[in-house]
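Asks: First the structure, which I've put down as structure tokens, then a few questions once you've had a look.
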Amino acid sequence: MLSRRRFLGTAALQSAAALGLSCISLPSRATGARSFNDAMALPKATLSQLGRVPAIVIGTGYGGAVTALRLAEAGVPVVMLEMGRLWTQPGSDGKVFTKTLSPDGRAMWFKDKTEAPLKTFLGLDVINKKIPRYAGVLDRVNYDEMSVYVGRGVGGGSLVNGAMAVTPARGYFEQMLPSVNASEMYGTYFPRANAQLGVNQVDPAWFETAACYRYARVSRAAANQAGFKTVFVPSVYNAKYMEAEQANAVPRSALGQEVIYGNNAGKLSLDKTYLADAVGTGRVTIYTLHEVRRIEQQSNGDYLLTVRQIDEVGNVLGSFQVSCGKLFLGAGSLGTTELLVRARDTGTLPKLSTQVGQGWGHNGNVMTARANHLWNPTGAVQSTMPAMGINDWANPANPVFAEITPLPTGFENWVSMYLAITRNPERGHFEYDAATDTAKLRWTRAQNTITVNSAKMMFDKINQQQGTVYRTDLFGGGKAFADDFCYHPLGGCVLDVATDNVGRVKGYQGLYVTDSALIPGSIGVNPFVTITALAERNIERVLAQDFA
Ligand code: FDA
């Protein structure tokens, strides 16, 4: 049952979109006129009218959402600034998110053509489509030798991701984040994150017969026959809703090819969990289409932000300034790192450590695909939500965790696809580029060799056993391994290196990192549960120690 708080927050998120507002909050009357700043309760207050606020959270992804909710529960009024739009209002086609196979501008963040992970099918340029430039939900940030997919909008990556909600192997977590007490994480914060995110799992008995998971069963059999273990993977997609989709009882989303450009139903994205609860407290106001461009510190220790507001087609509506006592960065590994690297190298936060911008990794991501025999079809209707992974992470020589992903073309294609997560110790770093006023990722394609070789070892073995081959017509250039993009950017402002042990940025008081930038490049599984749990841990300590 919905709590009153979630009900109120959801209503505010829905009505802001319906009214076309770029400022989302509960009207003060809805909460019984609480005592926070009147301007914050006014739905139409512009950012510059706020002047100074106690706390600002930049970004509405996992780290930002956790932080805003817990601050608000502790009585702290919070302003959240999000560069993307709110995704709760249907467009003229009656859908919030665009169709996957015939996308419009809602698909991507200011692109002229979609840039889907798959470039071609049978070598033909039939996947990517021309679209109008718009504040769409998926961005592909193209650096010289690596492209990174991220979500844009209220909910960040939760709007576009595959919903796989995986808690990492404890041994690897301890190796990657040795300064964090693992007993506390596995005893308290991982369970808290899983509960609040709404993590569930498909019914194993249903999975065995569901047509939409034939592709996963085919991949499981091939992996098992080659000697690899497979595991069910938890998810924040509602398993019961998916069962109803398979039974044709509800509109199809996971079974309707929806995922990277947003799900119109079924998925518990953050706007339905953490953020609805946060807004429902009456103490959180979210400003959408507001991008933070500059952070400086004032003589009294406050932070002054310069924020650019745009409309949905990219017109700049204005540039505003707002200040705060405490500033939390939750703009994601790329966004948070860019803001801090820019601040250090343009001299607005000159005391930031040289470690800011270092320690970036892509969680060892690489995508690959195999062609099955004609007598082994994978199914015309495939759930876009992976439910199973090949788990060979315990193999000390070559640890790989490969999610079995769909290729939902809507017709039989005999393809088995995978997103492999490998252990790759290579790290990239960010450098400020004055000409473009951006932070550029320094990462070379050669740094991916370990990842490709690692995945190849697993899938060569499967191919050999099955007598099958790689698909080389999907990723461009005849490649069997997509080593030029990733879904899991991690690091750039690493915990206990560029920050202290709870995310306080070294060199500055009242400045915190809350998101994937804290994780040192690799966590061995899909990362959002770890990002959420770590943010839960950190904000609990910050509230106890810095707000007392
Ligand atoms: P996140 O990226 O979620 O949010 C940052 C927010 O800040 C964004 O909304 C952004 O617009 C905003 N922002 C950035 N700069 C800003 C600025 N200057 N001013 C204002 N706002 C700014 N993970 C997983 O565990 N399971 C999975 O199945 C998948 N699948 C997957 C598929 C795809 C297609 C993608 C792109 C990603 C995944 N992921 C995933 C990864 C996962 O989504 C990702 O790790 C998290 O969203 C990262 O959470 P953060 O809190 O770090 O930031």
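Asks: Taking a ≥ b ≥ c as the square roots of the Cα gyration tensor eigenvalues, with a/c under 1.5 meaning rounded and otherwise prolate when a/b beats b/c, else oblate, which class fits region 447-548?
Replies: On the way: a/c = 3.94, a/b = 2.98, b/c = 1.32.
Here region 447-548 falls in the prolate category.
Asks: Any chance you could tell me what percent of the C-alpha pair distances in region 102-159 go past 19 Å?
Replies: Working: 518 of 1653 pairs.
Across region 102-159, Cα pairs with separations above 19 Å total 31 percent.
Asks: Shape verdict for region 148-249, please, from the Cα gyration tensor: rounded (a/c under 1.5), prolate (a/b greater than b/c) or oblate.
Replies: Numbers: a/c = 1.93, a/b = 1.34, b/c = 1.44.
Taking the square roots of the gyration eigenvalues as a ≥ b ≥ c, region 148-249 is oblate.
Asks: What order do you get for Thr451, Thr444 when you list them from fewest to most C-beta neighbours inside 10 Å?
Replies: On the way: Thr451 25, Thr444 12.
Ordered by Cβ neighbours within 10 Å, fewest first: Thr444, Thr451.
Asks: Just report the Cα centroid separation between region 58-93 and region 94-148, whole Å.
Replies: Here the answer is 24 Å between Cα centres.
Asks: In this model, which of Lys113/Lys267; Lys95/Lys326; Lys111/Lys229; Lys440/Lys479; Lys119/Lys456; Lys272/Lys351 are farther than 32 Å apart at the alpha-carbon?
Replies: Values: Lys113/Lys267 26 Å; Lys95/Lys326 38 Å; Lys111/Lys229 40 Å; Lys440/Lys479 26 Å; Lys119/Lys456 20 Å; Lys272/Lys351 38 Å.
In this structure, Lys95/Lys326; Lys111/Lys229; Lys272/Lys351 exceed 32 Å between Cα atoms.
Asks: Per q in 0.14 Å⁻¹, report the Debye log10 I(q)/I(0) for region 258-402, using one uniform scatterer on each alpha carbon and no solvent.
Replies: Results for region 258-402 at q = 0.14 Å⁻¹ read -1.03.
Asks: If you add up the charges near Ile310, with Lys and Arg at +1 and Asp and Glu at -1, over every other residue whose beta carbon is less than 13 angstrom from its beta carbon, what do you get? If you can, show how the numbers build up before the last one.
Replies: Working: positive: Arg85, Arg133, Arg152, Arg293, Arg308; negative: Glu82, Glu291, Asp311, Glu312.
Its environment carries a net charge of +1.
Asks: Test of understanding: extend the Cα→C-beta vector of Ala544 to 7 Å, then name every residue of region 163-184 with backbone N under 15 Å from that spot.
Replies: Only 180-184 fall inside the zone, counting backbone N under 15 Å.
Asks: Highest mean first, what order results for 77-85, 424-432, 117-125 on Cβ atoms within 10 Å? Can you show the working numbers first?
Replies: Working: 77-85: 25.7, 424-432: 18.7, 117-125: 14.1.
For the peptides 77-85, 424-432, 117-125, the packing ranking is 77-85, 424-432, 117-125.
Asks: Separate question: If packing is taken as the mean number of other Cβ atoms within 10 Å per residue, what is the order of 104-116, 270-282, highest first? Show your work: numbers first, answer last.
Replies: Values: 104-116: 19.8, 270-282: 26.8.
Packing order, densest peptide first, comes out as 270-282, 104-116.
Asks: Moving on. Would you calculate the separation in nanometres between label points at Ile127 and Ala18, each defined as 7 Å from the Cα along the Cα-to-beta-carbon direction?
Replies: Taking the simple label geometry, Ile127 and Ala18 are separated by 3.9 nm.
Asks: Can you give the angle from 0 to 90° between the axis of helix 4-18 and the longest principal axis of the chain, with both taken from C-alpha atoms, to the nearest 10?
Replies: Orientation of helix 4-18: about 90 degrees from the principal axis.
Asks: Could you compute how fast the chain diffuses translationally, taking Rh as the Kirkwood radius over C-alpha pairs and applying Stokes-Einstein at 20 °C with viscosity 1.002 mPa s? Give it in µm² per second. Walk me through the intermediate numbers first.
Replies: Values: Rh = 23.5 Å.
Once the numbers are plugged in, D ends up at 91 µm²/s.
Asks: Magnitude of the Cβ-charge dipole of the chain, K/R +1 and D/E -1, about the Cα centre, nearest 20 debye?
Replies: On the way: 52 positive and 44 negative charges, 102 e Å.
The calculation lands at about 500 debye.
Asks: Multiply the residue gap between Asn200 and Leu374 by 0.36 nm, knock off their C-alpha separation, and tell me the result in nm, one decimal place.
Replies: Working: separation 174, 0.36 × 174 = 62.64 nm, distance 3.39 nm.
Taking 0.36 nm per residue and subtracting the Cα distance, the gain is 59.3 nm.
Asks: Hey, another quick one. If I fit a long axis through the Cα atoms of helix 214-225 and take the longest principal axis of the Cα atoms of the chain, what angle between them do I get, 0 to 90°, rounded to 10?
Replies: Around 70 degrees separate the two axes.
Asks: Starting from the alpha-carbon convex hull of region 357-453, give the projected area averaged over all orientations, in nm². Please report the intermediate quantities before stating the final value.
Replies: On the way: hull surface 35.6 nm².
With every direction weighted equally, the projected area is 8.9 nm².
Asks: Based on DSSP H runs of at least 4 residues, each adding -39500 (n - 2.57), what is the mean residue ellipticity at 222 nm of the chain after dividing by all its residues, to the nearest 500 deg cm²/dmol?
Replies: Details: 13 runs with 134 residues, N = 548.
About -7500 deg cm²/dmol.
Asks: Ranked by Cβ crowding within 10 angstrom, fewest neighbours first, how are Ser299, Ser179, Ser383, Ser48 ordered? Please report the intermediate quantities before stating the final value.
Replies: On the way: Ser299 5, Ser179 10, Ser383 31, Ser48 13.
Ranking Ser299, Ser179, Ser383, Ser48 by Cβ neighbours within 10 Å, fewest first, gives Ser299, Ser179, Ser48, Ser383.
Asks: On to the next question. Specify the angular offset, from 0 to 90 degrees and rounded to the nearest 10, of the alpha carbon long axis of helix 528-546 from the longest principal axis of the alpha carbons in the chain.
Replies: 20
Asks: Kindly provide the chymotrypsin sites (Phe, Trp or Tyr not before Pro) of region 362-406 that DSSP labels as loop, not H, G, I, E or B, and whose Cβ sees at most 15 other Cβ atoms within 10 Å.
Replies: Working: sites: Trp375, Trp393, Phe401; in loops: Trp375, Trp393.
The qualifying sites are Trp375.
All of the numbers you see were taken from the coordinates with simple rules; none came from a lab. Since the model is a prediction, treat every value here as computed from it, not as a measurement. Cβ sites come from the backbone with ideal geometry, for glycine too, and all protein chains shown count toward neighbours.
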